[in-house]
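Have a look at the structure below before the remarks.
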Amino acid sequence: MNLFKTFGLCMALASPLLAQDAKPRKQKKPPLPFKWVNPLSAQLKLPGVRHATFTSSSMKIQVGYCIYLPPGYAKETKRRFPAIYYLHGGRPGNETKSVWLAEPIDEAIRAGKAEPMIYVFVNGGAVSHYNYPQENSLGEDVFIKELIPHIDKTYRTVAARSGRGLEGFSQGGRGTTRIMFRHPHLFGSCAPGGAGHATEKRISEEDGRESARLKFAAGYNTYDLARAYAKNPAPKLNILIHVGTRGFNYQNNLAYMKFLDELKIPYQKLIVEDAPHSARVIYKKSGLALMRFHATHLWGNTPKSR
C-alpha cells in the first residue's frame, strides 16, 4: 500500500479516538452586569455574616457591603473590635465575591487561634477599587469617604487607625496597595496579596493607560504612589505582602518587593509555597498568619489590648 495512503488510513482511524481524548475548552463566563447592591445568596449564608446597605451621599443610591461580626459581639455590648476591610478580586465589583473567607476566619476565632475582629467585605465599583469618573465609578472614594464612616457609626469598631486594617487579593491586592499609599493615616495594618503589579507598572510607564479602554489619572498606580509615599513616609505603614509561589503574579510581586527595597519602604512578606493565584488556598495554608499580622498591629477594647 502506498505510504501516504497508509498514513491517511491510520489518521482516519485515530481521529475519533483523538477527538474523545481532547478536552473541550472551558468557555470563560462573561462577568455579571455591575450592581452596587448584591444580596447574599442562600449558598452564602455564613456564620456571623450579614448583608447591609448604606446611602451614598455622592451618588444618591444604595451601596451594599457584607460584614462579619465575631462571636461575642452581640453579648459583649461594651466591647469594641478592630475592623479589617477586605477588597475583593476581579472586575466588576461585588461585595459577595470574597465573603466566603468569613468561614475560615470564624473557625480560627472560635478555636481561640486568632483575636476576634470584624471583617467588612467591600464593593469596589465597576472598575474595582479605582476612582474612574469616566464610568461614574468612584470605588475608592465610596469606600474611604462613605463606607468607613458608616461602619464606624453603625458598629462597635475601634474607630481609629490603630483599630483599622486593610487587605485584598488580586485586583483587591492592587487596590490595597494603592489605597494604603494614598491614605496611610487610615490603616494600622495593610496586607496586599497576589496583586498584578506588572499591570500597574505598565500603567505607570504608559501615561495611565491600562488598555485601549481604560486610562487612569497620572500617578494613580502602585509604582508612582509608592514613590510619592517614600518621599515622606509618614505615618509608618505596617505592610505584609502575600503571594503564592504558583500564582501567575508571583514573579511580579517579587519584582515589586525589590522596588520597595530600593525605595527603602519596609514590609514583611508571606510567600505561600505551592499556592496558586487563589485567596482561598492561601487562607487554607496561611490564613492564621494574615489574621495574626493584623492583630499584632491593631488593638481593641479588650483586656488584651495594648
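The values are calculated or read from the model by the stated rules, or taken from the named source; none is laboratory data. Note that this is a predicted model, so its numbers are computed, not measured. Positions of Cβ are generated from backbone atoms using ideal geometry, with glycine treated the same way; all protein chains shown enter the neighbour counts. Accessible surface areas use protein heavy atoms only, side chains included; no ligands, DNA or RNA. Shrake-Rupley method; radii C 1.70, N 1.55, O 1.52, S 1.80 Å.
If you go through the stretch 69-127 and keep only what is among the basic types (Lys, Arg) and either within 20 Å of THR296 (Cα to Cα) or in contact with a Ser or Thr (Cβ under 8 Å, 6 or more places away or on another chain) (or both), you end up with ARG79, ARG80, ARG91, ARG110, LYS113. VAL272 satisfies every condition listed in (1) surrounded by fewer than 19 Cβ atoms within 10 Å (Cβ to Cβ); (2) touching a helix residue (DSSP H, G or I) at 6+ places or on another chain (Cβ under 7 Å) except (1). Mind counting the residues in the stretch 215-250 that are touching a His at 6+ places or on another chain (Cβ under 7 Å) and either small (Gly, Ala, Ser) or within 12 Å of MET180 (Cα to Cα) (or both)? Summing the residues that are touching a His at 6+ places or on another chain (Cβ under 7 Å) and either small (Gly, Ala, Ser) or within 12 Å of MET180 (Cα to Cα) (or both) in the stretch 215-250 gives 5.
Residues of the stretch 196-226 that are among the acidic types (Asp, Glu), more than 16 Å from HIS129 (Cβ to Cβ) and part of a loop (DSSP other than H, G, I, E, B): GLU206, ASP207. So for the stretch 162-170 (the condition being under 21 Å from LEU69 (Cα atoms), in contact with an Asp or Glu (Cβ under 7 Å, 6 or more places away or on another chain) and not in a helix (DSSP H, G or I)), does at least one residue qualify? No: zero hits.
Criterion first (modelled with pLDDT of 95 or more and surrounded by 18 or more Cβ atoms within 10 Å (Cβ to Cβ)) does GLY194 satisfy it? Considered against the rule, which asks whether it is modelled with pLDDT of 95 or more and surrounded by 18 or more Cβ atoms within 10 Å (Cβ to Cβ), GLY194 comes out as yes. When you scan the stretch 28-38, do you find a residue that is more than 23 Å from ALA114 (Cβ to Cβ), open to solvent by 80 Å² or more (accessible area, probe 1.4 Å), in a strand (DSSP E or B) and modelled with pLDDT of 80 or more, even just one? Looking through the stretch 28-38, none of the residues is more than 23 Å from ALA114 (Cβ to Cβ), open to solvent by 80 Å² or more (accessible area, probe 1.4 Å), in a strand (DSSP E or B) and modelled with pLDDT of 80 or more.
Among the residues of the stretch 87-116, just one is among the acidic types (Asp, Glu), open to solvent by 50 Å² or more (accessible area, probe 1.4 Å) and touching a His at 6+ places or on another chain (Cβ under 9 Å), namely GLU115. Contact annotation: residue pairs with Cβ atoms under 8 Å, 6 or more positions apart or on different chains, pairing a residue in the stretch 147-167 that is modelled with pLDDT of 95 or more with a partner that is assigned to a helix (DSSP H, G or I) and of a type in the set (A, V, I, L, M, F, W, C), are THR157/ILE151; ARG164/ILE148; LEU166/ILE179; LEU166/MET180; GLU167/LEU290. Residues that are open to solvent by 60 Å² or more (accessible area, probe 1.4 Å) and either over 26 Å from ARG280 (Cα atoms) or part of a loop (DSSP other than H, G, I, E, B) (or both) within the stretch 235-257 comprise LYS236, ARG246, PHE248, listed in sequence order.
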